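Asker: Here it is, the structure in full.
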Amino acid sequence: MKNSIRIIFHLGAASNFAYGIYYDLLELKVPDDYAKISIDFAGRWKYLTFWNMVLQLFYFSFSIANDLLGSNSTNLKEQTALQRVRDFLFGSLVFPLGMFVATTFWVLWAIDRELVFPVALDAFFPGWLNHIMHTSIVPLDFIELIFIPKIFPKRSHALAGLSALMLGYLAW
């Protein structure tokens with residue numbers, strides 16, 4: 001993939017998640033009976049979906065910096081520090097968490113929608129925002145996986161990174 005196409009792809013992906021976070025935090029008008037749930041302890045940070053959106057935004061923004069200043073090599077000796085960090089983030093956090101969030105949400109939706117996204121939310125929560133949060137992750141992460149050169153971290157390092165993130169989430 002040419003560098004200009006990589007930049008456009010990463011910019012589009014980052015914009016997707018940036019707008020989703022912006023709309024969720026600032027534009028979404030939640031009725032008073034639901035607002036208390038959102039304001040209580042940790043607000044939106046209690047949802048793994050929100051953590052994932054922030055992580056995806058950070059990753060795709062970081063990827064733009066790598067496209068401009070780093071490398072996209074599959075040779076370890078030619079890798080820049082930016083690419084090493086980008087590859088570690090993708091292999092240990094971004095891809096596993098993104099697939100977990102999307103798969104878990106849609107499987108639970110298929111079993112019983114009320115478990116994850118009650119029908120009552122449809123009145124004020126736009127469907128497109130739900131898809132930014134739970135669907136767009138899959139094609140964007142798979143395009144990244146297939147078309148952007150990477151050197152994946154050792155399995156033990158990736159599991160350590162993912163475990164640290166999950167412990168942080170549980171401790172929060």
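The values are calculated or read from the model by the stated rules, or taken from the named source; none is laboratory data. Predicted model, so just to flag it, every value in this text is computed and none were measured. Cβ coordinates were reconstructed from backbone atoms using ideal geometry, including for glycine residues, and neighbour counts include every protein chain displayed.
Asker: Please return the ranges of helices (runs of 4 or more DSSP H) entirely within the range 92-172 where 2 or more residues are of a type in the set (S, T, N, Q).
Answerer: Output list reads 95-111, 155-171.
Asker: So, in the range 133-144, how many residues would count as being surrounded by fewer than 15 Cβ atoms within 10 Å (Cβ to Cβ) and of a type in the set (A, V, I, L, M)?
Answerer: 1
Asker: Could you check the range 47-66 and list, in sequence order, the residues that are of a type in the set (A, V, I, L, M) and over 9 Å from the mean Cα position of the chain (by Cα)?
Answerer: Within the range 47-66, the subset of a type in the set (A, V, I, L, M) is 48, 53-55, 57, 64-65.
Hits for the range 47-66 are L48, I64, A65.
Asker: Also, quick follow-up: What is the one condition in (1) surrounded by 13 or more Cβ atoms within 10 Å (Cβ to Cβ); (2) within 14 Å of L55 (Cβ to Cβ) that W172 does not satisfy?
Answerer: Condition (1) is where W172 drops out.
Asker: So which of N3, N52, N66 is of a type in the set (S, T, N, Q), modelled with pLDDT of 95 or more and farther than 21 Å from M99 by Cα? Give the steps one after another, and end with the answer.
Answerer: Details: N3 fails: modelled with pLDDT of 95 or more; N52 fails: farther than 21 Å from M99 by Cα.
Just a single option satisfies the conditions, and that option is N66.
Asker: Would you confirm whether any residue within the range 124-142 is among the charged types (D, E, K, R) and touching a Gly at 6+ places or on another chain (Cβ under 7 Å)? Steps first, answer last, please.
Answerer: Filtering the range 124-142 down to residues among the charged types (D, E, K, R) leaves 141.
Then drop every residue that is not touching a Gly at 6+ places or on another chain (Cβ under 7 Å), which leaves 141.
Yes, the range 124-142 contains a residue that is among the charged types (D, E, K, R) and touching a Gly at 6+ places or on another chain (Cβ under 7 Å).
Asker: Another question, then. Select from the range 67-93 the residues that are under 21 Å from the mean Cα position of the chain (by Cα), of a type in the set (K, R) and surrounded by fewer than 18 Cβ atoms within 10 Å (Cβ to Cβ) and list them in ascending order.
Answerer: Result: R84, single match.
Asker: Of L108, L170, which residue is of a type outside the set (F, W, Y) and in contact with a helix residue (DSSP H, G or I) (Cβ under 9 Å, 6 or more places away or on another chain)? Please lay out each step first, then the result.
Answerer: Details: L170 fails: in contact with a helix residue (DSSP H, G or I) (Cβ under 9 Å, 6 or more places away or on another chain).
Of the residues listed, the single one that is of a type outside the set (F, W, Y) and in contact with a helix residue (DSSP H, G or I) (Cβ under 9 Å, 6 or more places away or on another chain) is L108.
Asker: Related question: Among the listed residues V107, V119, which satisfies the condition of being exposed (fewer than 15 other Cβ atoms within 10 Å of the Cβ), at negative phi, free of Cβ contacts under 8 Å to residues at least 12 places away in the same chain and touching a Lys or Arg at 6+ places or on another chain (Cβ under 8 Å)? Spell out the reasoning first.
Answerer: On the way: V107 fails: touching a Lys or Arg at 6+ places or on another chain (Cβ under 8 Å).
Of V107, V119, the one residue that is exposed (fewer than 15 other Cβ atoms within 10 Å of the Cβ), at negative phi, free of Cβ contacts under 8 Å to residues at least 12 places away in the same chain and touching a Lys or Arg at 6+ places or on another chain (Cβ under 8 Å) is V119.
Asker: I've got another one for you. Out of F88, F58, which single residue is within 16 Å of L140 (Cα to Cα) and aromatic (F, W, Y)?
Answerer: Numbers: F88 fails: within 16 Å of L140 (Cα to Cα).
The conditions single out F58.
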